[in-house]
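The values are calculated or read from the model by the stated rules, or taken from the named source; none is laboratory data. Only a predicted model underlies this, so the values are computations on that prediction, with no experimental measurement involved. We place every Cβ from the backbone using ideal geometry, glycine too, and count neighbours over all the protein chains shown. Just the protein is used for accessible areas: all its heavy atoms, side chains included, with ligands, DNA and RNA removed. Shrake-Rupley method; radii C 1.70, N 1.55, O 1.52, S 1.80 Å.
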Amino acid sequence: MSYGLVDGKVVSPEGCELNVAHHCNLGCASCSHLSPVFRRSLIATKTAARDLSLLARSFRARFVKVLGGEPLLHPELVPLLNLVRDSGIAPHTTVCTNGLLLPRMRDDFWAAVDEVEISVYPDRELPEEKMAGVRAYADKHGVRLTLAYYSHFRYSYAERGTGDDGLVRHIYDTCQIAHVWRCHTLYEGHFFKCPQSVFLPQVLEGAGDPMADGLRLSDAPDFPERLLAYLRSPEPLRACRNCLGSAGMRMPHQQRNRRNFRELQDHTTEELTDRQYLRLLDERPNADDGCAVGDRDAWRERLAEQPPAAVAASGHTGADRPAESDESGRRAQSARYAQGKRF
(Lines give C-alpha, C1' and ligand atoms only; values in the text may rest on other atoms or scores of the structure.)
Protein backbone atom coordinates (compact mmCIF):
# COMPACT_ATOMS: atom_id res chain seq x y z
CA MET A 1 0.00 0.00 0.00
CA SER A 2 1.36 3.41 -0.97
CA TYR A 3 0.76 7.03 -0.02
CA GLY A 4 -2.33 8.86 -1.17
CA LEU A 5 -3.89 12.29 -1.09
CA VAL A 6 -7.34 12.32 0.48
CA ASP A 7 -9.34 15.45 1.31
CA GLY A 8 -6.23 17.57 0.99
CA LYS A 9 -4.09 15.41 3.31
CA VAL A 10 -1.32 12.93 2.64
CA VAL A 11 -2.39 9.55 4.00
CA SER A 12 0.33 7.11 5.04
CA PRO A 13 -0.27 3.36 5.38
CA GLU A 14 2.14 3.35 8.32
CA GLY A 15 3.03 5.97 10.91
CA CYS A 16 5.04 8.90 12.12
CA GLU A 17 7.63 9.17 14.89
CA LEU A 18 8.19 11.85 17.51
CA ASN A 19 11.48 11.71 19.41
CA VAL A 20 10.87 13.34 22.77
CA ALA A 21 14.22 12.56 24.43
CA HIS A 22 17.41 12.16 22.42
CA HIS A 23 19.49 10.75 25.28
CA CYS A 24 18.98 7.35 26.89
CA ASN A 25 19.61 5.42 30.11
CA LEU A 26 21.28 2.69 28.03
CA GLY A 27 24.09 2.76 25.48
CA CYS A 28 23.15 0.14 22.91
CA ALA A 29 25.84 -0.45 20.30
CA SER A 30 25.04 1.07 16.91
CA CYS A 31 21.81 2.67 18.12
CA SER A 32 20.19 3.98 14.96
CA HIS A 33 19.20 7.20 16.73
CA LEU A 34 22.78 7.66 18.05
CA SER A 35 21.38 8.21 21.53
CA PRO A 36 24.64 7.33 23.37
CA VAL A 37 26.27 10.34 21.68
CA PHE A 38 23.69 12.86 22.88
CA ARG A 39 23.81 14.49 26.27
CA ARG A 40 20.54 15.30 28.06
CA SER A 41 18.28 16.63 25.33
CA LEU A 42 14.48 16.92 25.53
CA ILE A 43 11.89 18.21 23.11
CA ALA A 44 10.12 21.33 24.32
CA THR A 45 6.38 20.92 24.78
CA LYS A 46 5.80 24.15 22.83
CA THR A 47 7.82 22.82 19.91
CA ALA A 48 5.91 19.54 19.87
CA ALA A 49 2.57 21.37 20.01
CA ARG A 50 3.55 23.63 17.11
CA ASP A 51 4.86 20.83 14.90
CA LEU A 52 2.03 18.40 15.59
CA SER A 53 -0.57 21.07 14.90
CA LEU A 54 1.09 22.09 11.65
CA LEU A 55 1.62 18.54 10.39
CA ALA A 56 -1.96 17.54 11.23
CA ARG A 57 -3.25 19.98 8.62
CA SER A 58 -1.58 17.99 5.84
CA PHE A 59 -0.89 14.45 7.10
CA ARG A 60 -2.75 11.42 8.42
CA ALA A 61 -1.23 8.15 9.59
CA ARG A 62 -2.32 4.91 11.19
CA PHE A 63 -0.28 5.54 14.34
CA VAL A 64 2.22 7.86 16.00
CA LYS A 65 5.21 6.42 17.81
CA VAL A 66 6.65 8.38 20.72
CA LEU A 67 10.22 7.33 21.34
CA GLY A 68 13.82 8.44 21.83
CA GLY A 69 16.43 7.91 23.18
CA GLU A 70 14.37 6.85 26.12
CA PRO A 71 11.01 8.68 26.10
CA LEU A 72 10.23 7.88 29.75
CA LEU A 73 13.08 10.24 30.72
CA HIS A 74 10.95 13.23 29.64
CA PRO A 75 9.38 14.85 32.73
CA GLU A 76 6.44 16.12 30.64
CA LEU A 77 5.78 12.89 28.77
CA VAL A 78 2.08 12.70 29.65
CA PRO A 79 1.31 16.22 28.34
CA LEU A 80 3.23 15.32 25.18
CA LEU A 81 1.19 12.15 24.74
CA ASN A 82 -1.98 14.16 25.13
CA LEU A 83 -0.75 16.56 22.45
CA VAL A 84 -0.18 13.65 20.09
CA ARG A 85 -3.67 12.30 20.68
CA ASP A 86 -5.33 15.73 20.43
CA SER A 87 -3.53 16.53 17.16
CA GLY A 88 -5.67 14.00 15.29
CA ILE A 89 -2.72 12.86 13.14
CA ALA A 90 -3.48 9.24 14.00
CA PRO A 91 -6.01 7.22 16.02
CA HIS A 92 -3.33 5.14 17.76
CA THR A 93 -0.40 6.19 19.99
CA THR A 94 2.50 3.86 20.78
CA VAL A 95 5.33 4.51 23.21
CA CYS A 96 8.59 2.67 22.42
CA THR A 97 10.81 2.11 25.46
CA ASN A 98 13.45 -0.18 26.93
CA GLY A 99 10.98 -0.62 29.78
CA LEU A 100 13.34 -0.02 32.69
CA LEU A 101 11.42 3.04 33.90
CA LEU A 102 7.94 1.62 33.31
CA PRO A 103 7.43 0.68 37.00
CA ARG A 104 7.45 4.44 37.75
CA MET A 105 4.61 5.18 35.36
CA ARG A 106 1.17 5.67 36.89
CA ASP A 107 -2.43 5.92 35.72
CA ASP A 108 -2.07 9.19 33.80
CA PHE A 109 0.60 7.67 31.57
CA TRP A 110 -1.32 4.47 30.87
CA ALA A 111 -4.49 6.44 30.15
CA ALA A 112 -2.69 8.44 27.47
CA VAL A 113 -1.39 5.53 25.32
CA ASP A 114 -2.84 2.72 23.25
CA GLU A 115 0.26 0.54 23.10
CA VAL A 116 3.63 0.23 24.81
CA GLU A 117 6.37 -1.47 22.82
CA ILE A 118 9.23 -2.76 24.99
CA SER A 119 12.67 -3.59 23.63
CA VAL A 120 14.29 -6.09 25.99
CA TYR A 121 18.09 -6.39 26.00
CA PRO A 122 20.47 -8.92 27.61
CA ASP A 123 21.04 -8.20 31.31
CA ARG A 124 18.54 -5.31 31.11
CA GLU A 125 15.31 -7.22 31.65
CA LEU A 126 12.84 -6.06 34.28
CA PRO A 127 12.50 -8.46 37.25
CA GLU A 128 9.35 -10.53 36.97
CA GLU A 129 7.66 -8.90 39.98
CA LYS A 130 8.08 -5.44 38.41
CA MET A 131 6.93 -6.69 35.04
CA ALA A 132 3.83 -8.07 36.72
CA GLY A 133 3.03 -4.57 37.96
CA VAL A 134 3.51 -3.17 34.46
CA ARG A 135 1.14 -5.79 33.05
CA ALA A 136 -1.42 -4.95 35.70
CA TYR A 137 -1.44 -1.27 34.72
CA ALA A 138 -1.66 -2.19 31.03
CA ASP A 139 -4.58 -4.52 31.66
CA LYS A 140 -6.35 -1.93 33.79
CA HIS A 141 -6.22 0.65 31.00
CA GLY A 142 -6.62 -1.69 28.04
CA VAL A 143 -3.11 -0.94 26.74
CA ARG A 144 -1.46 -3.47 24.47
CA LEU A 145 2.04 -4.58 25.50
CA THR A 146 4.41 -5.70 22.74
CA LEU A 147 7.79 -7.18 23.71
CA ALA A 148 10.72 -7.68 21.34
CA TYR A 149 13.71 -9.55 22.78
CA TYR A 150 17.00 -8.41 21.24
CA SER A 151 20.04 -10.61 20.95
CA HIS A 152 21.71 -8.71 18.10
CA PHE A 153 22.00 -5.34 16.38
CA ARG A 154 22.88 -4.35 12.87
CA TYR A 155 25.42 -1.61 12.31
CA SER A 156 23.33 1.44 11.48
CA TYR A 157 25.94 3.68 9.88
CA ALA A 158 29.61 3.95 8.83
CA GLU A 159 31.68 6.90 10.03
CA ARG A 160 33.73 6.98 6.81
CA GLY A 161 30.82 6.43 4.44
CA THR A 162 31.22 5.69 0.74
CA GLY A 163 31.68 7.40 -2.59
CA ASP A 164 30.03 4.54 -4.47
CA ASP A 165 26.79 5.96 -5.87
CA GLY A 166 25.57 2.49 -6.83
CA LEU A 167 25.98 1.14 -3.31
CA VAL A 168 24.27 4.21 -1.83
CA ARG A 169 21.27 3.69 -4.10
CA HIS A 170 21.17 -0.04 -3.41
CA ILE A 171 21.13 0.57 0.35
CA TYR A 172 18.47 3.26 -0.02
CA ASP A 173 16.26 1.21 -2.33
CA THR A 174 16.24 -1.75 0.10
CA CYS A 175 15.93 0.35 3.27
CA GLN A 176 13.13 -1.06 5.39
CA ILE A 177 13.27 1.97 7.67
CA ALA A 178 12.27 4.36 4.89
CA HIS A 179 10.18 2.14 2.61
CA VAL A 180 8.69 -0.75 4.62
CA TRP A 181 8.37 0.44 8.21
CA ARG A 182 8.26 4.10 7.05
CA CYS A 183 9.73 5.55 10.22
CA HIS A 184 9.02 9.13 9.18
CA THR A 185 10.22 11.57 11.81
CA LEU A 186 8.87 14.89 13.00
CA TYR A 187 11.72 17.10 14.22
CA GLU A 188 12.20 20.82 14.88
CA GLY A 189 9.71 22.10 12.33
CA HIS A 190 10.68 19.56 9.67
CA PHE A 191 9.40 16.22 8.37
CA PHE A 192 12.07 13.59 7.67
CA LYS A 193 11.85 10.32 5.77
CA CYS A 194 13.80 8.46 8.48
CA PRO A 195 15.44 9.10 11.88
CA GLN A 196 18.97 8.49 10.56
CA SER A 197 18.64 11.51 8.29
CA VAL A 198 17.83 13.54 11.42
CA PHE A 199 20.62 12.37 13.69
CA LEU A 200 23.61 11.47 11.50
CA PRO A 201 24.19 15.06 10.29
CA GLN A 202 24.26 16.21 13.91
CA VAL A 203 27.15 13.87 14.72
CA LEU A 204 29.29 13.43 11.60
CA GLU A 205 31.85 16.10 10.78
CA GLY A 206 31.32 17.90 7.49
CA ALA A 207 27.76 16.60 7.14
CA GLY A 208 26.45 20.08 6.41
CA ASP A 209 23.00 21.44 7.22
CA PRO A 210 21.31 18.99 9.63
CA MET A 211 17.92 19.91 8.15
CA ALA A 212 18.93 19.33 4.52
CA ASP A 213 17.27 15.91 4.23
CA GLY A 214 13.98 17.10 5.71
CA LEU A 215 11.02 19.04 4.42
CA ARG A 216 10.13 22.21 6.32
CA LEU A 217 6.57 22.14 7.64
CA SER A 218 4.24 24.72 6.19
CA ASP A 219 0.60 25.69 6.11
CA ALA A 220 0.88 26.78 2.46
CA PRO A 221 -1.86 25.39 0.22
CA ASP A 222 0.65 23.39 -1.86
CA PHE A 223 2.36 21.73 1.10
CA PRO A 224 0.40 18.43 0.91
CA GLU A 225 1.49 18.00 -2.72
CA ARG A 226 5.11 18.80 -1.83
CA LEU A 227 4.98 16.36 1.09
CA LEU A 228 3.60 13.64 -1.16
CA ALA A 229 6.34 14.27 -3.73
CA TYR A 230 8.98 14.14 -0.99
CA LEU A 231 7.73 10.80 0.30
CA ARG A 232 7.54 9.32 -3.20
CA SER A 233 10.96 10.57 -4.30
CA PRO A 234 13.30 7.75 -5.44
CA GLU A 235 16.43 9.79 -4.73
CA PRO A 236 18.71 8.79 -1.83
CA LEU A 237 19.18 11.31 0.96
CA ARG A 238 22.46 12.98 1.90
CA ALA A 239 22.65 10.84 5.02
CA CYS A 240 22.60 7.70 2.82
CA ARG A 241 26.32 8.27 2.17
CA ASN A 242 26.96 7.05 5.70
CA CYS A 243 23.75 5.24 6.61
CA LEU A 244 23.65 1.47 6.18
CA GLY A 245 19.86 1.38 5.95
CA SER A 246 18.76 -2.15 6.81
CA ALA A 247 21.88 -3.86 5.43
CA GLY A 248 24.51 -3.34 8.12
CA MET A 249 26.48 -6.32 9.40
CA ARG A 250 24.84 -8.09 12.31
CA MET A 251 26.60 -8.23 15.68
CA PRO A 252 25.69 -9.57 19.12
CA HIS A 253 24.13 -7.00 21.43
CA GLN A 254 26.39 -4.97 23.66
CA GLN A 255 26.36 -1.77 25.67
CA ARG A 256 28.76 1.11 24.88
CA ASN A 257 29.46 4.43 26.54
CA ARG A 258 29.70 7.90 25.01
CA ARG A 259 33.47 7.67 24.75
CA ASN A 260 33.63 4.48 22.69
CA PHE A 261 30.24 4.32 20.95
CA ARG A 262 31.55 5.65 17.63
CA GLU A 263 34.60 3.38 17.51
CA LEU A 264 32.58 0.42 16.24
CA GLN A 265 31.36 2.46 13.28
CA ASP A 266 34.80 3.82 12.33
CA HIS A 267 34.80 2.02 8.97
CA THR A 268 33.67 2.52 5.40
CA THR A 269 30.21 1.60 4.19
CA GLU A 270 31.75 -1.20 2.15
CA GLU A 271 33.30 -2.76 5.25
CA LEU A 272 30.09 -2.72 7.29
CA THR A 273 27.56 -3.75 4.62
CA ASP A 274 26.13 -7.25 4.79
CA ARG A 275 26.07 -8.04 1.06
CA GLN A 276 24.25 -11.33 1.55
CA TYR A 277 21.43 -9.68 3.44
CA LEU A 278 21.36 -6.81 0.94
CA ARG A 279 20.70 -9.32 -1.84
CA LEU A 280 18.03 -10.98 0.29
CA LEU A 281 16.29 -7.62 0.68
CA ASP A 282 16.18 -7.32 -3.11
CA GLU A 283 14.09 -10.48 -3.15
CA ARG A 284 12.18 -10.03 0.12
CA PRO A 285 11.84 -6.37 1.14
CA ASN A 286 10.34 -7.35 4.50
CA ALA A 287 12.94 -10.03 5.36
CA ASP A 288 13.64 -10.58 9.06
CA ASP A 289 16.80 -8.77 10.15
CA GLY A 290 17.75 -11.46 12.66
CA CYS A 291 18.05 -9.08 15.61
CA ALA A 292 15.04 -9.84 17.80
CA VAL A 293 12.46 -12.48 18.55
CA GLY A 294 9.05 -12.24 20.12
CA ASP A 295 9.48 -15.29 22.32
CA ARG A 296 11.45 -15.14 25.56
CA ASP A 297 12.59 -18.77 25.44
CA ALA A 298 13.82 -18.43 21.87
CA TRP A 299 15.70 -15.30 22.96
CA ARG A 300 17.46 -17.14 25.78
CA GLU A 301 18.44 -19.88 23.36
CA ARG A 302 20.02 -17.31 21.06
CA LEU A 303 21.92 -15.73 23.94
CA ALA A 304 23.19 -19.11 25.07
CA GLU A 305 24.53 -19.77 21.58
CA GLN A 306 26.65 -16.62 21.68
CA PRO A 307 27.10 -15.25 25.21
CA PRO A 308 27.59 -11.50 25.70
CA ALA A 309 31.21 -12.15 26.76
CA ALA A 310 31.99 -13.09 23.16
CA VAL A 311 30.77 -9.76 21.80
CA ALA A 312 34.05 -7.87 21.99
CA ALA A 313 35.73 -10.38 19.72
CA SER A 314 32.95 -10.40 17.12
CA GLY A 315 34.18 -7.27 15.34
CA HIS A 316 32.67 -6.60 11.93
CA THR A 317 33.66 -9.73 10.08
CA GLY A 318 30.16 -10.45 8.84
CA ALA A 319 30.43 -14.04 10.00
CA ASP A 320 27.28 -13.67 12.06
CA ARG A 321 24.36 -13.94 9.64
CA PRO A 322 20.61 -13.58 10.24
CA ALA A 323 18.44 -16.60 10.80
CA GLU A 324 16.37 -16.17 7.64
CA SER A 325 13.95 -18.95 8.50
CA ASP A 326 13.26 -17.72 12.03
CA GLU A 327 9.49 -17.20 12.12
CA SER A 328 9.68 -15.85 15.68
CA GLY A 329 12.07 -13.17 14.46
CA ARG A 330 9.69 -12.12 11.71
CA ARG A 331 6.88 -11.82 14.23
CA ALA A 332 9.05 -9.68 16.51
CA GLN A 333 10.08 -7.48 13.60
CA SER A 334 6.46 -7.02 12.61
CA ALA A 335 5.59 -6.13 16.20
CA ARG A 336 8.36 -3.58 16.36
CA TYR A 337 7.66 -1.71 13.17
CA ALA A 338 4.14 -2.38 11.98
CA GLN A 339 2.15 -0.97 14.89
CA GLY A 340 -1.29 0.29 14.03
CA LYS A 341 -2.20 -2.64 11.78
CA ARG A 342 -3.83 -4.54 14.59
CA PHE A 343 -6.42 -2.16 15.98
Interchain or sequence-distant (5+) residues whose placed amide H lies within less than 5 Å of the amide H of F153 are M251, H253
Label-to-label distance, nm, for residues given as E301 and D108 (7 Å Cα→Cβ offset): 4.5 nm
HN-Hα J couplings of the stretch 188-194 from phi, Karplus 6.51/-1.76/1.60, θ = phi - 60°, integer Hz, Gly and Pro as x? 6, x, 10, 10, 10, 5, 7
Can you tell me the dipole magnitude for the chain around its Cα centre, using point charges on the Cβ only (Lys, Arg +1; Asp, Glu -1), in Debye to the nearest 20? 580 debye
At 1.4 Å probe size, with every protein chain present, just tell me what the per residue accessible area of the chain comes to in Å². 42 Å²
Using θ = phi - 60° and the Karplus curve 6.51 cos²θ - 1.76 cosθ + 1.60, what whole-Hz ³J(HN,Hα) does each residue of the stretch 242-254 get, with Gly and Pro shown as x? 10, 6, 9, x, 9, 9, x, 4, 8, 9, x, 4, 7
Amide H neighbours of H190 under 5 Å, counting only residues 5+ apart in sequence or on other chains, H built in-plane at 1.01 Å? L217
Note on the stretch 163-204: alpha-carbon gyration tensor, axes a ≥ b ≥ c; rule is a/c under 1.5 for rounded, else prolate if a/b larger than b/c, else oblate; result oblate
DSSP-defined beta bridges in the stretch 1-140 - what % are antiparallel, rounded to 5: 20 percent
Which order do peptides 244-253, 75-84 fall in by mean Cβ count within 10 Å, highest first? 244-253, 75-84
Where both residues lie in the chain, what percent of DSSP beta bridges are antiparallel, nearest 5? 40 percent
Candidates D288, D266, D209; GNM for the chain (alpha-carbon contacts under 10 Å) flags as most fluctuating D209
Put E270, E129 in order of accessible area, largest first, 1.4 Å probe: what do you get? E129, E270
For the chain, with a Gaussian network of springs between Cα atoms less than 10 Å apart, report the residue from N260, N286, N242 with the top mean-square fluctuation. N260
Karplus-derived HN-Hα couplings along the stretch 28-36 (A = 6.51, B = -1.76, C = 1.60, θ = phi - 60°), whole Hz, x at Gly and Pro: 5, 4, 6, 3, 5, 9, 6, 4, x
Whole-percent carbon and sulfur contribution to the accessible surface of the stretch 1-95 (1.4 Å, no ligands, DNA or RNA) stands at 52 percent
Magnitude of the Cβ-charge dipole (Lys and Arg +1, Asp and Glu -1) of the stretch 25-94 about the Cα centre, nearest 20 debye, reported as 180 debye
Projected onto the charge dipole of the chain (unit charges on the beta-carbon of Lys, Arg, Asp and Glu, signs +1, +1, -1, -1), the Cα from G245, W181, V66 with the largest positive-side position is that of V66
